[in-house]
Structures are given as C-alpha cells and as structure tokens.
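Input: a single structure, listed below in structure tokens.
Any read-out appearing in this document is the output of simple, stated calculations on the displayed coordinates, not a laboratory observation. This one's a predicted model, so the numbers in the text were calculated from it and none came from an experiment. Cβ placement follows ideal geometry from the backbone for every residue including glycine, while neighbour counts extend to all protein chains displayed.
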Amino acid sequence: MTPSFTQTAAFLWSVADLLRGDFKQSQYGRIILPFTLLRRLECVLEKDKPEVLKKFAEVSRMNLPEEAYEKMLLRSTAAKFFNTSPMDLSKLGESGIFRK
C-alpha cells in the first residue's frame, strides 16, 4: 500500500526530529529537508543512472541542440527526468569527486 502524503510528511518530520541535536529547528527547511528530497530523487534514479551517464558521454560528443540530447537521454531511463552528474550523496566527503 502506498503511504499517503500525510504519512510521508510525518515520516520526514520524524527524521528531522532525530537530527534535532545536530541542527536547530529553524535549520530544517534550509538543510535537512532539501537533503532528504535530494536523497529520495537519487534513489528513484539509481537503477538507470549508469546507463544515463554512459549515454550522456556518448551524446555530449555529438554537439546536438539541448532538446535533442535531452530526448535521447530520456530514452535511457524509466523516469521522466535524469541526472548526468557523476556525484551522489554516498560520495559526499570523498576526495576527487569533481574529476570527470
């Protein structure tokens, strides 16, 4: 069964409450919730990301208009959006993450 919006919101706030010792309550909107959203998006895109990155490397050499390569990249993912960054939150803090 899919959780409702209210259940999801309650879960997110419960996670924020767990981190209360590290962050002030006023920082939730600026720090905790955006990272929670970013991590959720990463999880949605995780399965297709290697294929998208491979296709992006191939398509970026073609010098196509942005709309054309966007359509080509969307074909390599089941989602309606994609991420071409090699970085993710699991690599946060590692050295050399900005190498191409």
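Enumerate by residue number the chymotrypsin sites (Phe, Trp or Tyr not before Pro) in the stretch 8-86 meeting two conditions: DSSP loop (anything except H, G, I, E, B), and at most 13 other Cβ atoms within 10 Å of the site's Cβ.
Details: sites: Phe11, Trp13, Phe23, Tyr28, Phe35, Phe56, Tyr69, Phe81, Phe82; in loops: Phe23, Phe81, Phe82.
Answer in residue order: Phe23, Phe81.
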For Asn63 and Gln27 in the same chain, what is the full-extension length gain: residue separation times 0.36 nm, less their Cα-Cα distance, in nm?
8.8 nm
With +1 on each Lys and Arg Cβ and -1 on each Asp and Glu Cβ, how big is the dipole of the stretch 47-100 about its Cα centre, in debye rounded to the nearest 20?
140
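Taking 0.36 nm per residue of sequence separation and subtracting the Cα-Cα distance, how much length would be gained by fully extending the chain between Trp13 and Leu74, in nm to one decimal?
Full extension from Trp13 to Leu74 adds 18.7 nm.
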